[in-house]
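Beneath this line is the structure, given in structure tokens, with notes to follow.
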Amino acid sequence: MIKHCFCKIIVAYHKPAKLFDDRLFVPVNVGRVINDTKLKNGILKKDDVEWLNQNTIGDDTGDNISAYNFSFNELTAVYWVWKHYIELGNPDYIGLCHYRRVFDFENSSIEEFIGDNDIIAAGISDSRDSFTIKDQYLQYHKKNVLDDSLNFIEKNYPFLFEDINEYLNLPFNKGCFYNMFLMKKEIFFEYCECLFSVLMYLHKRTNYAVYSVYGSRLVGFIGERLSGAFFYHYKKKG
């Protein structure tokens, strides 16, 4: 077990890439339990799997949803962290980024970068403001999946329902995307309880056979919008 620390940032990997691995960054192989399937299907090579096994932690130990990576995307790593938090050193702050999208601390320490913020989330460098976050989602994904998610949230998380609707109607360039964040431990646990309650509900109701490989990632795409709404909710709280 890693000793208690101020912050740990999970870096999600699904193939070999530049390695971020030091006292701050923890490389995690998302969907490790299905690496053999990817190998058989030609998505990964034997050398790729060996690199991942040697250089990253798997999201497939203990309580995990590694097998759902095809739909949950990098959120299988978030679930693993939620259930294995002590093993990471019980940090005061936890973060998530990707092998090709990382936070730039601009030569500051992590403590200086976070400052007195409870949450830091990644925005998007897109100047378009003529359509909303919801409009952008509906360009690529099915409306019934979003509606189903909102109905579940209204019944089970009414404190979030108004804010998620406000968030979805913001201009697209005001959104938080990529599921990239740094947040306080206590907020992270609240976030995960809400997030995975919604996403597991969707997962159990979904017939993946009717979706393309891209379309089957629907749970992760909803999770990305729900994450942004959660951050927006906390921003409103100050």
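The values are calculated or read from the model by the stated rules, or taken from the named source; none is laboratory data. This is a predicted model, so every value here is computed, not measured. Backbone-built Cβ (ideal geometry, glycine too); neighbour counts: all protein chains shown. Note: areas computed on protein heavy atoms with side chains; ligands, DNA, RNA excluded. Shrake-Rupley method; radii C 1.70, N 1.55, O 1.52, S 1.80 Å.
Numerical summary
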item	result
By average C-beta atoms within 10 angstrom, highest first, the peptides 172-181, 51-60, 198-207	172-181, 51-60, 198-207
Dipole magnitude of the chain, debye to nearest 20 (Cβ charges: Lys/Arg +1, Asp/Glu -1, about Cα centre)	720
Average accessible area per residue (Å²) across the chain - probe 1.4 Å, nucleic acids and ligands excluded	50
C-alpha center-to-center spacing [region 129-191, region 1-72] in angstrom	26
Cα shape, region 81-152, gyration tensor, a/c 1.5 rule	oblate
Lys/Arg +1, Asp/Glu -1 at C-beta; the chain dipole; positive extreme among 37, 157, 7	37
Rg over Rh, two decimals, region 112-238 (C-alpha only, Kirkwood Rh)	0.96
Residue list for region 110-142, given a label point 7 angstrom along the Cα-to-Cβ vector of residue 207 and an amide N cut-off under 20 Å	141-142
With every protein chain in place, region 79-232: carbon and sulfur % of accessible area (1.4 Å)	47
Overall Cα dimensions of the chain - principal axes, largest extent first, Å	46, 44, 34
Gain on full stretching of the segment that runs from residue 92 to residue 45 - 0.36 nm per residue minus C-alpha separation	13.2 nm
Antiparallel content of DSSP bridges confined to the chain, in %, to 5	40
Inter-label distance, nm, simple model (7 Å from Cα along the C-beta direction), residue 67/residue 216	1.4
Separation of the residue 155 and residue 140 label points, Cα + 7 Å toward Cβ, nm	2.9
